[in-house]
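**Q** Just dropping this structure here.
The values are calculated or read from the model by the stated rules, or taken from the named source; none is laboratory data. Quantities reported herein were computed from a predicted structural model and do not represent experimental measurements. When we count neighbours, we look across all protein chains shown, and the Cβ atoms used for this are built from the backbone with ideal geometry, even at glycine. Surface areas here come from the heavy atoms of the whole protein model, side chains and all, with no ligands, DNA or RNA. Shrake-Rupley method; radii C 1.70, N 1.55, O 1.52, S 1.80 Å.
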Amino acid sequence: MLEALGYPFFQRALLAGLLVSLLGGALSAFVVQRRLSFLGDGLAHAAFAGVALGLFLREEPLYLALPFTLAVALAITYVKERSGLSEDTAIGVFFALSVALGAVFLAKARGYVGDAMGYLFGSLLAVGPGDLWAVGGVVLLGLALLPLWGALAYATFDRELALADRVPVGLHDYLFSAYLALALVVAVKVVGVLLVAAFLVIPGAAARLLGRTFAGMTLLALLFAFSATLLGLYASFLLDWPSGASVVLAQALLFGLAFLKTAFSWGK
């Protein structure tokens with residue numbers, strides 16, 4: 001690892017991976033506890049549709065992926081609250097719409113298929129300074145929203161009681177969806193559409209097995225996310241594996257260890 005840290009590209013990859021892990025770990029507890037795993041997939045595919053639109057228009061893909069994904073996130077929340085449909089149904093509708101639009105835009109963006117593949121699978125070791133600034137900006141925005149953590153946690157465990165206490169649950173749902181969309185868009189370049197949802201699910205799932213409180217679960221999710229990034233990047237450098245996939249495999253390994261500990265504890 002010390003040898004790898006001598007390379008500028010690895011330094012950028014490590015910093016980007018840790019920042020994305022900070023985003024994923026902080027959001028993962030909410031995603032798992034609120035059963036929003038499918039939302040992560042839906043927004044990831046919305047981000048890809050935005051990337052495909054950028055390639056079609058010959059513009060910077062992430063500049064169009066950001067508003068496109070944000071619009072889809074807010075639309076899902078609006079449809080869920082106004083129509084009476086379940087959240088997974090609303091997500092399914094926009095998931096299908098995003099995939100279809102992405103396919104159309106990509107078909108028209110001739111000569112840019114290779115770029116699209118990069119967004120599908122990500123390239124943590126190809127992160128540039130601009131990508132770092134984008135991820136860092138979203139992390140700083142998350143720090144600004146930190147005072148809402150208590151209200152979000154309250155509504156996560158007892159939405160009806162939070163509403164009875166006049167907590168603006170609906171407004172918080174929109175803010176959470178919007179921030180989740182921002183985090184996904186900046187993470188797509190680093191991790192890829194196909195793997196980005198793992199960053200929002202696996203750390204929280206592992207922490208859910210071991211955490212006794214929601215605060216403890218959040219801290220464990222952050223610890224798992226950071227540890228998996230370090231382990232995955234080292235394995236990627238040592239074994240010449242894809243960096244994003246290596247980090248996700250490390251996350252899965254930590255989840256497996258947490259599951260085994262829980263299973264043996266129940267058996268006693």
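**Q** Give, as a single signed number, the net charge of other residues whose beta carbon lies under 13 Å from the beta carbon of Val135, with Lys and Arg counted +1 and Asp and Glu -1.
**A** Net of charged neighbours comes to +1.
**Q** Can I ask one more? So, taking all protein chains as they sit and a 1.4 Å probe, how much accessible area belongs to Leu161, in Å² rounded to tens?
**A** That residue has around 80 Å² of solvent-accessible surface.
**Q** Also, I was wondering about something else. For segment 29-151, what mean projected area does the convex hull of the alpha carbons give, in nm²?
**A** Mean shadow area of the hull around the Cα atoms is 8.8 nm².
**Q** Also, I was wondering about something else. On average over all directions, what projected area in square nanometres does the chain have, based on the convex hull of its Cα atoms? Can you show the working numbers first?
**A** Working: hull surface 61.8 nm².
Here the figure is 15.5 nm², rounded to one decimal.
**Q** Looking at the chain as a GNM with Cα springs under 10 Å, which of Leu171, Leu64, Leu180 has the largest mean-square fluctuation?
**A** Highest fluctuation among the options: Leu171.
**Q** While we're here: Full extension from Arg159 to Leu171: what is 0.36 nm times the residue separation minus their Cα-Cα distance, to one decimal in nm?
**A** Taking Arg159 through Leu171 to full extension adds about 3.0 nm, to one decimal.
**Q** Turning to a different aspect of this structure: How big is the charge dipole of segment 1-265 about its Cα centre, in debye rounded to the nearest 20, if each Lys and Arg gets +1 on its Cβ and each Asp and Glu gets -1 on its Cβ?
**A** Using only the charged Cβ atoms, the result is roughly 160 debye.
**Q** Right, next: Go through segment 146-247 and name the trypsin sites (Lys or Arg not before Pro) that are in a DSSP coil and have 13 or fewer other Cβ atoms within 10 Å of their Cβ.
**A** Listed in order of number, the matching sites are Arg166, Arg212.
**Q** Could you tell me the calculated FRET efficiency between Phe259 and Thr213, based on Cβ-Cβ distance and R0 = 22 angstrom, to the nearest 0.05?
**A** It comes to 0.65.
**Q** Hey, rough spin-label estimate for Trp149 and Tyr63, points 7 angstrom out along Cα→Cβ, what's it come to in nanometres?
**A** 3.5
**Q** Roughly how many percent of the accessible protein surface of segment 1-265 is carbon and sulfur, given a 1.4 Å probe and a whole-percent answer? Write down the numbers at each step before the final one.
**A** Numbers: 8870 of 12550 Å².
The C+S portion of the solvent-accessible surface of segment 1-265 is 71 percent.
**Q** Ok, one more. Could you work out, for segment 206-245, what percent of all Cα-Cα pairs fall into each 10 Å distance bin, beginning at 0 Å and stopping at the bin that holds the largest distance?
**A** In whole percents, the pair-distance histogram is 32, 35, 25, 9.
**Q** So with the 1.4 Å probe, I'd like the accessible area per residue for segment 1-265, rounded to whole Å².
**A** On the way: 12550 Å² over 265 residues.
For segment 1-265, the solvent-accessible area averages 47 Å² per residue.
**Q** Please compute the modelled spin-label separation between Asp240 and Ser83, points set 7 Å along Cα→Cβ, answer in nm with one decimal.
**A** For Ser83 paired with Asp240, the spin-label model returns 4.9 nm.
**Q** Given the convex hull over the Cα atoms of segment 163-268, what projected area results after averaging over all orientations, in nm²?
**A** 8.8
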